[in-house]
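The values are calculated or read from the model by the stated rules, or taken from the named source; none is laboratory data. Remember, predicted model here, so these are calculated numbers, not experimental data. All Cβ positions, even for glycine, are placed from backbone atoms using ideal geometry, and neighbour counts span all protein chains on display. To get the accessible areas, we keep the full protein, side chains included, count just its heavy atoms, and leave off ligands, DNA and RNA. Shrake-Rupley method; radii C 1.70, N 1.55, O 1.52, S 1.80 Å.
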Amino acid sequence: MTETVTGGDAAAATTDTTESEHPVSYAPSEEFVRQANAGKELYRAAEQDRLAFWAEQANRLHWHTPFEKVLDWSDAPVAKWFVGGELNVAYNCVDRHVHEGRGDQVAIHWEGEPGDSRDLTYSDLLAEVSRAANAFTDLGLVAGDRVAIYMPMVPEAIVSMLACARLGLTHSVVFAGFSSSALRSRIDDAQAKLVVTTDGQWRRGKAAPLKESVDEAVDGAESIEHVLVVRRTEIDTPWTEGRDLWWHETVGQASAEHEAQPFDSEHPLFILYTSGTTGKPKGIIHTSGGYLTQTAYTHHYVFDHKQGQDVYWCTADIGWVTGHSYIVYGPLANGATQVVYEGTPNSPDEHRHWNIVEKYGVTIYYTAPTLVRTFMKWGREIPDAHDLSSIRLLGSVGEPINPEAWRWFRDVVGGGTAPIVDTWWQTETGAIMVSPLPGVTHTKPGSAQTPLPGISAKIVDDDAKPLGPGGNGYLVLDEPWPSMLRGIWGDMERYKDTYWSRYATEGWYFAGDGARFDDDGDLWVLGRVDDVMNVSGHRISTSEVESALVSHHGVAEAAVVGASDETTGQGIVAFVILRGGVENTGDELIAELKAQVSKEISPIAKPRQITVVPELPKTRSGKIMRRLLRDVAEGRDLGDTSTLVDPAVFDAISQANAK
Ligand code: WT7
């Protein structure tokens, strides 16, 4: 039975001792329920007529030409949503608010890392986006062209995305923490014509070069015509005449008048690369009408967002899908006022986020479990030193949030009353799919709980048998949804193969996550079932890191596993075999290998631990036995090693690991 505690009653929250020291679920306070955007009837409406429900959600947007049909699934697994409709995504996110009298409302409270700040109203945003659109047009870009955006969290990054959307250019945002070679492979794959970047980026009070990495990346990249550079840090910047342009000299000089043209509902809006099970990242394609509908819908209901009242803050980076959907498109479509912060949570010190919450009166705060656990490590006296009473709703995304972190988050940051929405979704799903609805759902620590109204999910076994309460299997989505991916850029076979072949007969989308239903029927996401690691909520494939390691001249073979990590969820642990004749210089070699991974992929992919071993454990068919390596990495006793070619290999590995 579910034991429920009413929000705000901190004493009651610890009196239930049926199972552990804590209540099983938390009812929303009456006060929250009274004002909530969502009610139970939302589920009923969606159940009654799913497509009519989505049509209603699509009417949150301004359509230049109304759609004729909600869904065309005849070419499955490539969906068409809101068929025949035409809209302009940027018009919906910017112009519309100005036309409807919200021009003076702040869209973005931008907070720079060194302490500078800037407020942009919707009118300011319209002027900036229009200027950028005019400048991009002057560069010869036309609808359908691809633009790479490689920038820290500065307003111009958001302006660039919206200018692309306005012109029907397809953007490919590359996280500015990625290496130049990662940027290059994404530029080549999408054949981008323009890169927008900054001279440098602020990191913990220091200016680090960024344009230099772009120069390295675009050297010999034939598709690139221009590099557009925002001056952010004023550090010395190498320059190639004719190719490179300063933002303030081009965009800054362009006209602030620009009329947005409509595009088809299925016009590609962006490509975003994410790790798969092979070394090559997948360019996930998202389109316009369905994507904007579902991001706006979920931002409204899941975050209980009140236009003109809330101050919303999503702490993600625009380099990830969370930044696309819940900093740029969802919130701006809903006319939100939001905080955008450029830096790390501990610059200049660990109080930074709470200072920002106080400064702007943040009401909705959406972050990742790894950061919550970091805050816990820093100690509750840090948030306790601030007035966080403005916060009324908390969100979590990226990985399962452990109940201990969930409770800490609710008590310390949410004042013991704020509902937490644990939102499950993926780069591929485009928007939130499984989450409590605040004011309706009794929230349960650690569980993402319920598919949203309009969304259909199942947990199934290997034979496609749907599982009920108590069942433990694979998470599948058995009906198409508006913000679903439309393919993998340049590789539709891989699209079908990765997501639709596992349950081809049933026509279900395979998410790659294991999940279970508890006895109340609430859904718990258990983590990836493929060779993809989740490090601080970032997806990194084992084979990507392995290929970065073997690109070092000294490495013959590498095996990488994700081992559980108290703060980051998983940590990367690597085992390498050296080439014959290569000397093991100990720490020096390990440092070199870590640097190699940073350079090839990103510092976020740097292994926590690298062990040089004489051999890797393989099955008779030559497959590396990652399960056993994970046991070693997590310090467990080894299980069954009987299928190993040479069980003695393990003694050597365990010994090397213990060193
Ligand atoms: C993978 C998707 C969605 C934006 C951030 C990550 C894991 C995500 C949750 C959650 C448990 C979660 C899954 C998923 N994941 N949210 N609330 N509970 N797991 O996007 O990089 O595409 O990663 O992140 O494993 O498949 P992504």
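Can you pull out every residue in region 132-185 that is at positive phi and surrounded by fewer than 23 Cβ atoms within 10 Å (Cβ to Cβ)? Reasoning before the result, please.
So in region 132-185, the residues at positive phi come out as 140, 144, 168.
Residues satisfying the conditions are G140, G144.
Let's see how each residue does on (1) more than 10 Å from the ligand (Cβ to nearest atom); (2) touching a residue at least 24 places away in the same chain (Cβ under 8 Å); (3) open to solvent by 60 Å² or more (accessible area, probe 1.4 Å):
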residue: G490; (1), (2), (3): yes, yes, yes
residue: K496; (1), (2), (3): yes, yes, yes
residue: Y499; (1), (2), (3): yes, yes, no
residue: Y509; (1), (2), (3): yes, yes, no
residue: A515; (1), (2), (3): no, yes, no
residue: D519; (1), (2), (3): yes, yes, yes
residue: V529; (1), (2), (3): no, yes, yes
residue: H538; (1), (2), (3): no, yes, no
residue: S541; (1), (2), (3): yes, yes, no
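The residue of region 402-450 that is nearest to the ligand (Cβ to nearest atom), among those that are out of contact with any strand residue (DSSP E or B) (no Cβ under 7 Å at 6 or more places or on another chain) and closer than 30 Å to I284 by Cα, is W425. Only residues that are under 23 Å from H248 (Cα atoms), open to solvent by less than 10 Å² (accessible area, probe 1.4 Å) and out of contact with any His (no Cβ under 8 Å at 6 or more places or on another chain) were counted across region 186-216, and they come to 9. Cβ separations smaller than 9 Å between residues 6+ apart or across chains give the following pairs from region 315-337 residues that are touching a residue at least 12 places away in the same chain (Cβ under 8 Å) to residues that are acidic (D, E) and more than 14 Å from the ligand (Cβ to nearest atom): G335/E100; A336/D310; T337/D310.
For region 263-273, name all the residues that are assigned to a strand (DSSP E or B) and either more than 16 Å from the ligand (Cβ to nearest atom) or open to solvent by 10 Å² or more (accessible area, probe 1.4 Å) (or both).
Going through region 263-273, the residues assigned to a strand (DSSP E or B) turn out to be 263-264, 268-273.
Within region 263-273, F263, D264, P268, L269, Y273 qualify.
One residue is enough: does region 578-597 have a residue meeting the conditions touching a residue at least 60 places away in the same chain (Cβ under 8 Å) and either out of contact with any helix residue (DSSP H, G or I) (no Cβ under 7 Å at 6 or more places or on another chain) or within 16 Å of the ligand (Cβ to nearest atom) (or both)? Checked against the condition, which is being touching a residue at least 60 places away in the same chain (Cβ under 8 Å) and either out of contact with any helix residue (DSSP H, G or I) (no Cβ under 7 Å at 6 or more places or on another chain) or within 16 Å of the ligand (Cβ to nearest atom) (or both), region 578-597 yields no hits at all.
Sort out which residues of region 300-340 are charged (D, E, K, R), out of contact with any Ser or Thr (no Cβ under 6 Å at 6 or more places or on another chain) and more than 16 Å from the ligand (Cβ to nearest atom), and write them in order of number.
Step one: of region 300-340, the residues charged (D, E, K, R) are 304, 306, 310, 317.
Okay, now just the ones that are also out of contact with any Ser or Thr (no Cβ under 6 Å at 6 or more places or on another chain), so 304, 306, 317.
Result: D304, K306.
With respect to the stated conditions, S325 is at negative phi and buried (at least 23 other Cβ atoms within 10 Å of the Cβ). Restricting attention to region 307-341, the residues that are touching a Leu at 6+ places or on another chain (Cβ under 7 Å) and of a type in the set (F, W, Y) add up to 1.
If you go through region 110-122 one residue at a time, do you hit one that is buried (at least 18 other Cβ atoms within 10 Å of the Cβ), under 22 Å from Q261 (Cα atoms) and either hydrophobic (A, V, I, L, M, F, W, C) or in contact with a Gly (Cβ under 8 Å, 6 or more places away or on another chain) (or both)?
Just the residues of region 110-122 that are buried (at least 18 other Cβ atoms within 10 Å of the Cβ), to begin with: 110-113, 120-122.
So of that shortlist, the ones also under 22 Å from Q261 (Cα atoms) come out as 122.
Narrowing the set further to residues that are either hydrophobic (A, V, I, L, M, F, W, C) or in contact with a Gly (Cβ under 8 Å, 6 or more places away or on another chain) (or both) leaves 122.
Looking through region 110-122, at least one residue is buried (at least 18 other Cβ atoms within 10 Å of the Cβ), under 22 Å from Q261 (Cα atoms) and either hydrophobic (A, V, I, L, M, F, W, C) or in contact with a Gly (Cβ under 8 Å, 6 or more places away or on another chain) (or both).
Restrict the check to region 238-252 and report whether at least one residue is within 29 Å of G112 (Cβ to Cβ), within 16 Å of the ligand (Cβ to nearest atom) and in contact (Cβ under 8 Å) with a residue 40 or more places away in the chain. Steps first, please.
Taking region 238-252 as the starting set, the residues that turn out to be within 29 Å of G112 (Cβ to Cβ) are 238-240, 243-252.
Checking which are within 16 Å of the ligand (Cβ to nearest atom) leaves us with none.
No, there is no match, as no residue in region 238-252 is within 29 Å of G112 (Cβ to Cβ), within 16 Å of the ligand (Cβ to nearest atom) and in contact (Cβ under 8 Å) with a residue 40 or more places away in the chain.
Helices (runs of 4 or more DSSP H) wholly in region 357-443 with at least 1 residues that are under 29 Å from G276 (Cα atoms) - which ones? The helices (runs of 4 or more DSSP H) meeting that bar are 369-378, 403-408.
Yes or no: Y474 crowded, with 16+ Cβ neighbours inside 10 Å and touching a Gly at 6+ places or on another chain (Cβ under 7 Å)? Yes. Pairs meeting the criteria (first residue in region 214-228 and part of a helix (DSSP H, G or I), second residue open to solvent by 10 Å² or more (accessible area, probe 1.4 Å), beta carbons under 7 Å, at least 6 apart or on different chains) are D215/P238; E216/S180; A217/S180; A217/R184; V218/I224.
Can we say D461 is within 23 Å of the chain's Cα centre (by Cα), surrounded by fewer than 22 Cβ atoms within 10 Å (Cβ to Cβ), of a type in the set (D, E) and more than 16 Å from the ligand (Cβ to nearest atom)? It would help to see each step written out before you state the result.
Details: within 23 Å of the chain's Cα centre (by Cα): no; surrounded by fewer than 22 Cβ atoms within 10 Å (Cβ to Cβ): yes; of a type in the set (D, E): yes; more than 16 Å from the ligand (Cβ to nearest atom): yes.
Considered against the rule, which asks whether it is within 23 Å of the chain's Cα centre (by Cα), surrounded by fewer than 22 Cβ atoms within 10 Å (Cβ to Cβ), of a type in the set (D, E) and more than 16 Å from the ligand (Cβ to nearest atom), D461 comes out as no.
Considering region 355-382, the residues that are touching a residue at least 24 places away in the same chain (Cβ under 8 Å), open to solvent by less than 30 Å² (accessible area, probe 1.4 Å) and more than 22 Å from D422 (Cβ to Cβ) include one that is nearest to the ligand (Cβ to nearest atom), namely I356.
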